[in-house]
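Chemist: So that we are looking at the same thing, I have put the structure below in structure tokens.
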Amino acid sequence: MRSRSTHESGARESPGEPGRTRALPHITTNDLAGLLEYLAGLARPEADLYQIAADLKIDSDHLLRLAEAAELFGFATIARGDITLTPLGETVADASIQVRKEIFASRMRRLPIYRWLAALLREADRQQLKAGVVQRALEIEFPPAEATRQLDTLVSWGRYAELLGYDDSSEMITLESVAAPGSGDGGVSTAPSAR
């Protein structure tokens, strides 16, 4: 199991640039936190990815996506089939939920695909867009099913990091800084999967 860097895969980071946009690994923040906690609890600094898959009885493809996300956020490094927590990853593994969210938010703000979405939202009327509009923009870069997964992942991660809001009834994605008070309750889901 080996993670491919952006440079190795020839992918670029952000929609709208020449070449192919790097797809986000479709994983949940809970699963990512679980992996970081597991790694932090090991006696040795690095762990073999195949062994982790066997120990945790999880699908190796899912574990690869988790490892890719951990590396993307700077929480781990991957080399020669081994994954090693970075100091930041150790901090996240031991942190409270609120501190985890703050760290996740600071790292997510660095992701070019998030910056692309945030720029779209800042330019939009009332800094909000219908999920379908964002999906159509992503479909320029990805096949429709993958565009859906990318949007779901972006919104889910953005909601966790308290950077984005999503309302089921209006199907609106909003920058959290301008989300309506109480929009985190009732009628708001973690991702726009039903469009």
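Chemist: Take Ile103 and decide whether it is under 30 Å from Leu42 (Cβ atoms), buried (at least 16 other Cβ atoms within 10 Å of the Cβ), modelled with pLDDT of 95 or more and not assigned by TED's automatic domain parsing to the domain that holds Leu49.
Modeler: So Ile103 fits the description; yes.
Chemist: Run down Ala145, Ala93 and say which single residue is over 18 Å from Glu37 (Cβ atoms) and of a type in the set (Gly, Ala, Ser).
Modeler: Ala145
Chemist: Moving on to the next point. Kindly indicate which of Glu123, Glu90, Glu139 is within 27 Å of Ser60 (Cβ to Cβ), of a type outside the set (Gly, Ala, Ser) and more than 13 Å from the chain's Cα centre (by Cα).
Modeler: Glu90
Chemist: Going by what's in this entry, would Leu129 be described as at pLDDT 95 or above and in a helix (DSSP H, G or I)?
Modeler: No.
Chemist: Looking at the structure I just gave you, is Arg122 closer than 13 Å to Pro25 by Cα, surrounded by fewer than 21 Cβ atoms within 10 Å (Cβ to Cβ) and touching a residue at least 24 places away in the same chain (Cβ under 8 Å)?
Modeler: no
Chemist: Consider Ser96 carefully, then state whether it is polar (S, T, N, Q) and modelled with pLDDT under 95.
Modeler: Considered against the rule, which asks whether it is polar (S, T, N, Q) and modelled with pLDDT under 95, Ser96 comes out as no.
Chemist: Ok, one more. Looking only at the stretch 31-53, how many residues end up being farther than 12 Å from Ala67 by Cα and touching a Phe, Trp or Tyr at 6+ places or on another chain (Cβ under 9 Å)?
Modeler: Qualifying residue count for the region: 0.
The values are calculated or read from the model by the stated rules, or taken from the named source; none is laboratory data. From a predicted model like this one, the values you see are computed outputs, not experimental measurements. Note that we place each Cβ from the backbone using ideal geometry, even for glycine, and neighbour counts take in every protein chain shown.
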